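The values are calculated or read from the model by the stated rules, or taken from the named source; none is laboratory data. Just so it is clear, the structure is predicted and the values come from calculations on it, not from any experiment. Glycine also receives a Cβ, built like all others from the backbone with ideal geometry; neighbour counts cover every protein chain displayed.
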Amino acid sequence: MRPLALMILSAALAAPLAAAAGPSLLTNGSFEDGSTLGNNSWTIVNNLPGWQGATNRGIELRRNAVGTAQDGEHFVELDTTGNSWMTQSVGTELGVTYTLNWYYSPRAGIGLASNTIEVYWNGVLVETNNGNGTGHGNHQWQLFSADLVGTGGMDTLRFAAAGTSDSYGGSLDNISLVRAPAQADVPEPASLALAAAALGLLGASARRRRR
């Protein structure tokens, strides 16, 4: 009985961790989908798979042009012909915390004033990124994170250029949104019941050995 009890206990303890390791809720977080760009080139599009761009200004998609991608070959810049933005809406659970991760870099060779990007959740500012690309020949990717709370409906994530509107701005790549691990680590009732059953089996096995 002891091996069975240990297997049940292991499964019970592993269940919350498995729940934490879900896929990103976002579509096309690394901007690799739907592109026919040649290498070292760029284009401005109204939208990308999963992402809606600003009316009349769109999203600037780059494939290893003026910097290399953080993940894959593509990244985006949000100062197109002027300051622009992009949004994506996702379904969430009410009151559940989600972790947003994204990589930001100032544009190589461009100063602090032009590189600002703001991050919004349902219209509320949650983070401001900025950096100085002067003197650099490539991206300086940095990972940023923010915890966001779901409303139980369709929530909107928005990235917006907010520096000097001069067609030169910061870059984004490898954006993901996942259920926060800290929440998933709290055992659910079913997992607790499995753990209790396993502990009971282990206790019974120990008592038999003492006899």
From the option list 124, 119, 186, 178, single residue qualifying as surrounded by fewer than 16 Cβ atoms within 10 Å (Cβ to Cβ), among the aliphatic types (A, V, I, L, M) and either modelled with pLDDT of 95 or more or in contact with an Asp or Glu (Cβ under 6 Å, 6 or more places away or on another chain) (or both) is 124
- Task: May I ask you to verify whether residue 130 is within 21 Å of residue 71 (Cα to Cα), in contact (Cβ under 8 Å) with a residue 40 or more places away in the chain, surrounded by 14 or more Cβ atoms within 10 Å (Cβ to Cβ) and touching a helix residue (DSSP H, G or I) at 6+ places or on another chain (Cβ under 7 Å)?
- Result: yes
Looking across segment 20-70 at residues that are hydrophobic (A, V, I, L, M, F, W, C) and in a loop (DSSP other than H, G, I, E, B), the single one that is modelled with the lowest pLDDT is 21
Scanning segment 38-60 residue by residue, those over 19 Å from the mean Cα position of the chain (by Cα), of a type in the set (A, V, I, L, M, F, W, C) and buried (at least 19 other Cβ atoms within 10 Å of the Cβ) turn out to be 54
Of the residues in segment 79-98, those that are of a type in the set (S, T, N, Q) and surrounded by fewer than 18 Cβ atoms within 10 Å (Cβ to Cβ) come to 81, 87, 89, 97
Residues in segment 77-132 that are in a loop (DSSP other than H, G, I, E, B) and more than 23 Å from residue 164 (Cβ to Cβ) total 7
State whether one or more residues within segment 60-83 are out of contact with any His (no Cβ under 6 Å at 6 or more places or on another chain) and over 24 Å from residue 39 (Cβ atoms).
yes
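Can you tell me which of 164, 156 is more than 16 Å from the chain's Cα centre (by Cα), at pLDDT 95 or above and not aliphatic (A, V, I, L, M)?
Values: 156 fails: more than 16 Å from the chain's Cα centre (by Cα).
Within the list 164, 156, the selection yields 164.
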Flagged in segment 133-178 as within 20 Å of residue 74 (Cβ to Cβ), assigned to a loop (DSSP other than H, G, I, E, B), in contact (Cβ under 8 Å) with a residue 40 or more places away in the chain and in contact with a strand residue (DSSP E or B) (Cβ under 7 Å, 6 or more places away or on another chain), in numbering order, are 139, 141, 167, 168, 169, 170
Filtering segment 61-78 down to residues that are without any contact (Cβ under 8 Å) to a residue 60 or more places away in the chain and crowded, with 22+ Cβ neighbours inside 10 Å yields 61
